[in-house]
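The values are calculated or read from the model by the stated rules, or taken from the named source; none is laboratory data. Since the structure is predicted, the reported quantities are computational estimates derived from the model, not experimental observations. Ideal geometry is used to build each Cβ from the backbone, glycine not excepted, and the neighbour counts take in all protein chains shown.
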Amino acid sequence: MTKSNVPRAALAGLVGTAAMTMLMLLAPKMGMPPMNIAAMLGSVMGGSVVVGWAAHIMIGIVLALSYALLFATRIPGAPAVRGAIFSLLPWLMAQLVVMPLMGMGLFSGSMLAAGGSLMGHLVFGVVVGQIYGVPGEYAASERRAHA
């Protein structure tokens, strides 16, 4: 059984969330609708944008931990490809469950918004996959470092 690297996964989630957030903030400059996830999350969590940002960051870390613990060894391909494939799952959950619960409708109410969300999730997944790497290589690299 391959051992998961929880600190690396948490770091991957943090960096992946930062990359996704940058894309989200640049969305209007690319002709896409604004994607203010912190405001959306905050609106359902008492109205605080600060709480929304904290939730956004924590969700990213939890998703990366889920990737590391449940999916990283089950998805084929290079690390970035594994992460991208994994990112389709949270994207679908967001589009089919979360957005309708927030009043946005299925697939964010528009294909343009759903496409922007897909781009953000793919960026997140690629970054998480690349930073997390290939499970099983950790032990080998640690052995080489201590030899």
Taking interchain pairs and intrachain pairs at least six residues apart, which have beta carbon atoms under 7 angstrom, with the first residue in region 100-125 and farther than 18 Å from ILE57 by Cα and the second polar (S, T, N, Q)?
LEU106/GLN95; PHE107/GLN95; SER108/GLN95; SER108/SER117; ALA114/GLN95; ALA114/SER108
Filter region 106-147 for residues that are at pLDDT below 85 and not in a helix (DSSP H, G or I); the one that is farthest from SER4 (Cα to Cα) is ALA147
May I ask you to verify whether SER66 is part of a helix (DSSP H, G or I), modelled with pLDDT under 95 and polar (S, T, N, Q)?
no
Count - residues of region 69-99 that are closer than 14 Å to GLY125 by Cα and β-branched (Val, Ile, Thr)
3
State yes or no: is MET30 exposed (fewer than 14 other Cβ atoms within 10 Å of the Cβ), within 17 Å of the chain's Cα centre (by Cα) and either under 18 Å from HIS121 (Cα atoms) or not basic (Lys, Arg) (or both)?
no
When you look at MET20, is it out of contact with any Lys or Arg (no Cβ under 9 Å at 6 or more places or on another chain), outside any helix (DSSP H, G or I), surrounded by 18 or more Cβ atoms within 10 Å (Cβ to Cβ) and in contact (Cβ under 8 Å) with a residue 24 or more places away in the chain, yes or no?
no
Identity of the residue in region 55-68, farther than 19 Å from MET119 by Cβ and among the aliphatic types (A, V, I, L, M), that ends up surrounded by the most Cβ atoms within 10 Å (Cβ to Cβ):
ALA68
Of the residues in region 52-84 that are of a type in the set (A, V, I, L, M) and touching a Pro at 6+ places or on another chain (Cβ under 8 Å), the one that is nearest to ASN5 (Cα to Cα) is ALA68
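Condition check ((1) touching a Lys or Arg at 6+ places or on another chain (Cβ under 6 Å); (2) surrounded by fewer than 18 Cβ atoms within 10 Å (Cβ to Cβ); (3) touching a residue at least 40 places away in the same chain (Cβ under 8 Å); (4) not in a helix (DSSP H, G or I)) across all residues:
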position	(1), (2), (3), (4)
LEU41	no, no, no, no
TRP53	no, yes, no, no
LEU70	no, yes, no, no
PRO76	no, yes, no, yes
SER87	no, no, yes, no
TRP91	no, no, no, no
VAL97	no, yes, no, no
